[in-house]
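Peer 1: Pasting a structure below so you can have a look.
The values are calculated or read from the model by the stated rules, or taken from the named source; none is laboratory data. Quick caveat: nothing in here was measured; it's all calculated off a predicted structure. So basically every Cβ, Gly included, is an ideal-geometry build from the backbone, and we count neighbours across all protein chains shown. Surface accessibility is based on the protein's heavy atoms, side chains included, excluding ligands, DNA and RNA. Shrake-Rupley method; radii C 1.70, N 1.55, O 1.52, S 1.80 Å.
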Amino acid sequence: MDPHSYARPEEAAATHLDLDIHVDMKQHRIRGTATYNLKRQGGDSVIFDTDGLAIDKVTLGDGTPAAFTLSAKDSILGQALRVALPQGADKVAITYSTGAAAKALQWLAPEQTADKKFPFLFTQGEAILTRTWIPVQDSPGIRITYNARVTVPKELMAVMSATNPQERSTDGTYTFKMDKPIPPYLIALAVGDIHFKATGKRTGVYAERSMVDTAAWELADMEKMVEAAEALYGPYRWGRYDVIILPPSFPFGGMENPCLTFATPTIIAGDRSLTSLIAHELAHSWSGNLVTNATWDDFWLNEGFTVYFEHRITEALYGKDYNDMTSLLGYQDLLGTMAEIDSGKHAEDTALRLKLAGRNPDDGMTDVAYEKGYAFLRVIESKVGRAKFDAFLRGYFEHFSFRGITTDTFKTYISKELLVPEHVALNMDEWIEKPGLPANLVVPGSGKFKQVEGEIAHWAQGTPAKSLATAGWSTFEWMHFLRHLPSGLQKAQMDQLDAAFRFTASGNSEVLAAWLEQCIKNDYEAAYPKLEEFLTTVGRRKFLVPLYAGLMSTPKGRALAMQIYAKARGNYHSVSVNTVDQLLAWKENKPPVAF
Ligand SMILES: [Zn+2]
């Protein structure tokens, strides 16, 4: 059972959704009807998850009104919508509208977009936010197909995690079809002045007008990535693979909405260096979207496998050096996250299998699922050899396709299909059930990073920054360099680095964010205007957390954090707001800023 859903699919499970909605960009409201086909196996009702929705009416398939009740509101789960079902009823239609603070939705004013001319809306469903814009059985263990009819202002275009238009309709009406069963957190919608450009036969990019050519150039390798992924683990099952570049307030790097990855513009670096994020989201088309964690306690099944797969795609395209560097950066992130978790209230969260009942499942979305999950799979690969592990993974994706599975199901399956036949002894429970990092971890190494460390040592010994051997360094070498600068740098040293390498002016978000962390650590005031600009523009949580956390470690930084956040908060999506509110112990007295 999923502790984060009220649904009881064993009695009545939704199998298909017909969604008919109108998007009101002025009132910031979605209203319409969600009609479900049900598979019933007993009981006299069906239960949906809702959070902040106004339910206008519920009818059965034949149009007769159905009795319904809403439970008391739980601050994490929202409300259960229970619809009474006469014998034989197998369809319900729920007419509803969204509330003012629907957490999945971010409504952007024109000035928050790249082109500053039209408003924009995007949704973010993972983990349990789809219920804030559609009444739904919101558990990742449940799968539905969907059709949608969406009306928007006719100067805008709508796209979804489904078959998508490539051109404007004349009247603002769009229809969508997702004929593969997907978990509800993958239902997604974006509305804006969106344009399309193809990057290959079955791949392309959506973005605002001024971004679409730049984005298509940056993501030129998408078609090759799909081919590399298929060569590894079998056919891509979703038809097209497109990416939409969203405005900068998008809280994640990317979200793997099927057929259409939602992505942050911070991966547009101008040199194609940050596109491993697309390899990650594409890999989710197998791990996550095809084989899905049945509950959020099993989140590592989505993310650990995806990080492994992502590395295999980028290794096939860009080689081993690239992969060694990104693996080592990920390992550094993991160590940082584990230390933070260890010093907090939930030290048990460094186990792969989580116990999130009673908590917001978003609390479990840390580097542990991604990077410890990846490290575990690398251990298995090293024990059985790559060829056998690849064969196992191909079988795994095929066997569990279009299903949600638990960690227990995975354990049973890998024992039977791989570990027992190969006579492999593996400390699986230590990896999955226990906190911390087991001793048989394979620590990644990188020759390129050794060279970077050598240059840092030269600088520390007095070689001027501009004389260091940095020619040809990629984003990753710069990140390693910035993460490993000596501590306690003086203003003159920071000036020298910035003059030599122009970090404050960098258009590469990863390099800039790593530099800004150093600026906070060393109280380098010259970069604070840039820090404020970055934090008030970008809403990607991965960048926000270390920057705000860094500021919070001194009284001066704390005051600056509060001042910047007061301006920036209205520009962030609810998942970033939720995290930063906690980090800053923020008390919001005023209603959210309305644009
Ligand atoms: Zn992911």
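Peer 1: Strands (runs of 3 or more DSSP E) wholly in the stretch 184-248 with at least 2 residues that are touching a helix residue (DSSP H, G or I) at 6+ places or on another chain (Cβ under 8 Å) and closer than 20 Å to Phe402 by Cβ - which ones?
Peer 2: Hits in the stretch 184-248: none.
Peer 1: For the stretch 486-523, how many residues are open to solvent by 10 Å² or more (accessible area, probe 1.4 Å) and part of a loop (DSSP other than H, G, I, E, B)?
Peer 2: 13
Peer 1: Here is a follow-up. Taking Leu335, is it among the aliphatic types (A, V, I, L, M), assigned to a helix (DSSP H, G or I), under 30 Å from His573 (Cα atoms) and open to solvent by 20 Å² or more (accessible area, probe 1.4 Å)? Don't jump to the end; show me each part of the working.
Peer 2: On the way: among the aliphatic types (A, V, I, L, M): yes; assigned to a helix (DSSP H, G or I): yes; under 30 Å from His573 (Cα atoms): yes; open to solvent by 20 Å² or more (accessible area, probe 1.4 Å): yes.
When the stated conditions are applied, Leu335 passes them.
Peer 1: What is the residue count in the stretch 319-328 for residues that are surrounded by fewer than 20 Cβ atoms within 10 Å (Cβ to Cβ) and at negative phi?
Peer 2: 5
Peer 1: Something else: Looking only at residues in the stretch 428-464 that are touching a residue at least 24 places away in the same chain (Cβ under 8 Å) and among the basic types (Lys, Arg), which one is surrounded by the most Cβ atoms within 10 Å (Cβ to Cβ)?
Peer 2: Lys448
Peer 1: Here is a list: Arg31, Arg82. Which entry is in contact (Cβ under 8 Å) with a residue 12 or more places away in the chain, assigned to a strand (DSSP E or B) and touching a His at 6+ places or on another chain (Cβ under 8 Å)?
Peer 2: Matching residue, one of Arg31, Arg82: Arg31.
Peer 1: Conditions first: (1) of a type in the set (D, E, K, R); (2) surrounded by fewer than 21 Cβ atoms within 10 Å (Cβ to Cβ); (3) within 15 Å of the ligand (Cβ to nearest atom). Glu315 passes all but one, so which condition is the exception?
Peer 2: All conditions pass for Glu315, except number (3).
Peer 1: Do we have Leu583 as crowded, with 20+ Cβ neighbours inside 10 Å and assigned to a helix (DSSP H, G or I) here?
Peer 2: For Leu583, the condition - crowded, with 20+ Cβ neighbours inside 10 Å and assigned to a helix (DSSP H, G or I) - is not met.
Peer 1: Taking interchain pairs and intrachain pairs at least six residues apart, which have beta carbon atoms under 7 angstrom, with the first residue in the stretch 296-314 and under 19 Å from Ala357 (Cα atoms) and the second outside any helix (DSSP H, G or I) and within 10 Å of the ligand (Cβ to nearest atom)?
Peer 2: Hits for this filter: Phe299/Met365; Asn302/Ser287; Asn302/Gly288.
Peer 1: Filter the stretch 221-253 down to residues that are of a type in the set (Gly, Ala, Ser) and buried (at least 23 other Cβ atoms within 10 Å of the Cβ) and give me whichever is farthest from the chain's Cα centre (by Cα).
Peer 2: Here the residue is Ala229.
Peer 1: Restricting to the stretch 417-460, count the residues that are small (Gly, Ala, Ser) and over 30 Å from Phe476 (Cβ atoms).
Peer 2: Of all residues in the stretch 417-460, those small (Gly, Ala, Ser) come to 425, 436, 439, 445-447, 454, 457, 460.
Filter once more, so that each one left must be over 30 Å from Phe476 (Cβ atoms): 425.
Of the residues in the stretch 417-460, 1 are small (Gly, Ala, Ser) and over 30 Å from Phe476 (Cβ atoms).
Peer 1: Could you figure out which of (1) in a helix (DSSP H, G or I); (2) within 16 Å of the ligand (Cβ to nearest atom); (3) within 23 Å of Ser576 (Cα to Cα); (4) open to solvent by less than 30 Å² (accessible area, probe 1.4 Å) isn't true of Leu354?
Peer 2: Unmet for Leu354, out of (1) in a helix (DSSP H, G or I); (2) within 16 Å of the ligand (Cβ to nearest atom); (3) within 23 Å of Ser576 (Cα to Cα); (4) open to solvent by less than 30 Å² (accessible area, probe 1.4 Å): (1).
Peer 1: Here is a follow-up. Go through the stretch 338-351 residue by residue and tally those that are closer than 18 Å to Asn578 by Cβ and open to solvent by 40 Å² or more (accessible area, probe 1.4 Å).
Peer 2: Total meeting the criteria: 4.
Peer 1: Quick one: Thr412 ticks every box in (1) out of contact with any Phe, Trp or Tyr (no Cβ under 8 Å at 6 or more places or on another chain); (2) surrounded by 13 or more Cβ atoms within 10 Å (Cβ to Cβ); (3) of a type in the set (Val, Ile, Thr); (4) in a helix (DSSP H, G or I) except a single one, so which number is it?
Peer 2: With respect to (1) out of contact with any Phe, Trp or Tyr (no Cβ under 8 Å at 6 or more places or on another chain); (2) surrounded by 13 or more Cβ atoms within 10 Å (Cβ to Cβ); (3) of a type in the set (Val, Ile, Thr); (4) in a helix (DSSP H, G or I), Thr412 is out only on (2).
Peer 1: Sticking with this one: Please count how many residues of the stretch 35-88 are more than 16 Å from Glu11 (Cβ to Cβ), open to solvent by less than 20 Å² (accessible area, probe 1.4 Å) and under 28 Å from the mean Cα position of the chain (by Cα).
Peer 2: Summing the residues that are more than 16 Å from Glu11 (Cβ to Cβ), open to solvent by less than 20 Å² (accessible area, probe 1.4 Å) and under 28 Å from the mean Cα position of the chain (by Cα) in the stretch 35-88 gives 4.
Peer 1: Among the candidates Pro529, Pro546, single out the residue that is open to solvent by 60 Å² or more (accessible area, probe 1.4 Å), more than 25 Å from Ser467 (Cα to Cα) and either at pLDDT 95 or above or in a helix (DSSP H, G or I) (or both).
Peer 2: Numbers: Pro546 fails: open to solvent by 60 Å² or more (accessible area, probe 1.4 Å).
None of the others qualify; the one that does is Pro529.
Peer 1: Between a first residue in the stretch 472-487 that is closer than 10 Å to Phe449 by Cα and a second residue that is aromatic (Phe, Trp, Tyr) and open to solvent by less than 10 Å² (accessible area, probe 1.4 Å), which pairs have beta carbons less than 6 Å apart while being 6 or more apart in sequence or on different chains?
Peer 2: Within 6 Å, the pairs are His480/Phe449.
Peer 1: Okay, moving on. So how many residues does the stretch 288-312 have that are of a type in the set (D, E, K, R), in contact with a Ser or Thr (Cβ under 9 Å, 6 or more places away or on another chain) and surrounded by fewer than 24 Cβ atoms within 10 Å (Cβ to Cβ)?
Peer 2: 1
Peer 1: Here's a follow-up. Please enumerate the residues belonging to the stretch 241-281 that are closer than 14 Å to Gly125 by Cβ, aliphatic (A, V, I, L, M) and within 14 Å of the ligand (Cβ to nearest atom).
Peer 2: The one that is closer than 14 Å to Gly125 by Cβ, aliphatic (A, V, I, L, M) and within 14 Å of the ligand (Cβ to nearest atom): Met255.
Peer 1: Further question on the same structure: When you look at Ala375, is it in contact (Cβ under 8 Å) with a residue 60 or more places away in the chain, farther than 23 Å from Gly141 by Cα and within 16 Å of the ligand (Cβ to nearest atom), yes or no?
Peer 2: So Ala375 passes the test.
Peer 1: Still on this structure, please answer the following. Would you be able to say whether some residue in the stretch 208-219 is under 14 Å from the mean Cα position of the chain (by Cα), closer than 24 Å to Thr123 by Cα and open to solvent by less than 10 Å² (accessible area, probe 1.4 Å)?
Peer 2: no
Peer 1: Please state which one of Asn323, Asn289, Asn302 is within 11 Å of the ligand (Cβ to nearest atom), part of a helix (DSSP H, G or I) and either at pLDDT 95 or above or closer than 18 Å to Thr261 by Cβ (or both).
Peer 2: Asn302
Peer 1: Anything in the stretch 89-105 that is modelled with pLDDT of 95 or more and open to solvent by 10 Å² or more (accessible area, probe 1.4 Å)? List them, or say none.
Peer 2: Ala89, Asp90, Lys91, Ala93, Thr95, Ser97, Gly99, Ala102, Lys103, Leu105
Peer 1: Checking Thr266 against (1) of a type in the set (Val, Ile, Thr); (2) within 20 Å of Lys103 (Cα to Cα); (3) touching a Lys or Arg at 6+ places or on another chain (Cβ under 7 Å), only one condition comes out false. Which one?
Peer 2: With respect to (1) of a type in the set (Val, Ile, Thr); (2) within 20 Å of Lys103 (Cα to Cα); (3) touching a Lys or Arg at 6+ places or on another chain (Cβ under 7 Å), Thr266 is out only on (2).
Peer 1: Now a separate question. Can you run down the residue pairs with Cβ atoms below 9 Å, 6 or more apart or on separate chains, where the first is in the stretch 492-509 and closer than 16 Å to Asp271 by Cα and the partner is part of a loop (DSSP other than H, G, I, E, B) and open to solvent by 60 Å² or more (accessible area, probe 1.4 Å)?
Peer 2: So the pair list comes out as Asn508/Asp271.
Peer 1: Give me the residue from the stretch 151-197 that is more than 15 Å from Arg209 (Cα to Cα) and of a type in the set (Asp, Glu) and, out of that set, surrounded by the most Cβ atoms within 10 Å (Cβ to Cβ).
Peer 2: Within the stretch 151-197, the match that is surrounded by the most Cβ atoms within 10 Å (Cβ to Cβ) is Asp179.
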